[in-house]
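For reference, the structure is listed below as structure tokens.
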Amino acid sequence: MSIIGWIVLGLIAGWIGSHIVDNHGRGPMMDMILGIVGALVGGAIFNALGAVPVTGFNLYSLFVAVVGAVVVLVIYHAVAGRRRA
């Protein structure tokens, strides 16, 4: 998948993941960064579980990326919350 595909998939996954975790985004740039990282994390998680990781620009890959984005956002909120306290 091209870098443009990763960015688009990451942006969509980050946006969906941010709405699942806290019901509002972190801003387009942070959503995209966390979404791209989430796509990589989701691929690693699915690969470790024996499932197929990100396969291209399709709904399955979006699902994998969203799962990863949710994991990354939960960790992000835990770290950011700890810094505020």
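The values are calculated or read from the model by the stated rules, or taken from the named source; none is laboratory data. Small disclaimer: the values here were computed from a predicted structure and weren't measured. Cβ placement follows ideal geometry from the backbone for every residue including glycine, while neighbour counts extend to all protein chains displayed.
Cβ-Cβ distances below 8 Å connect the following pairs, each with a first residue in region 1-21 that is without any contact (Cβ under 8 Å) to a residue 40 or more places away in the chain and crowded, with 17+ Cβ neighbours inside 10 Å, a second residue that is of a type outside the set (Phe, Trp, Tyr) and not in a helix (DSSP H, G or I), and a separation of six or more residues or different chains: Trp15/Gly25. Restricting the first member to region 35-48 and to residues that are among the polar types (S, T, N, Q), and the second to residues that are outside any helix (DSSP H, G or I), the beta-carbon pairs closer than 8 Å and six or more apart or on different chains are Asn47/Pro53.
If you check Ala44 against the conditions, is it assigned to a helix (DSSP H, G or I) and in contact with a Leu (Cβ under 9 Å, 6 or more places away or on another chain)? It is false that Ala44 is assigned to a helix (DSSP H, G or I) and in contact with a Leu (Cβ under 9 Å, 6 or more places away or on another chain). Considered as a group, the residues in region 1-35 that are modelled with pLDDT of 75 or more and small (Gly, Ala, Ser) include one that is farthest from Leu73 (Cα to Cα), and that residue is Gly5. The set of residues in region 36-64 that are in contact with a Phe, Trp or Tyr (Cβ under 9 Å, 6 or more places away or on another chain), small (Gly, Ala, Ser) and at pLDDT 85 or above contains only Gly42.
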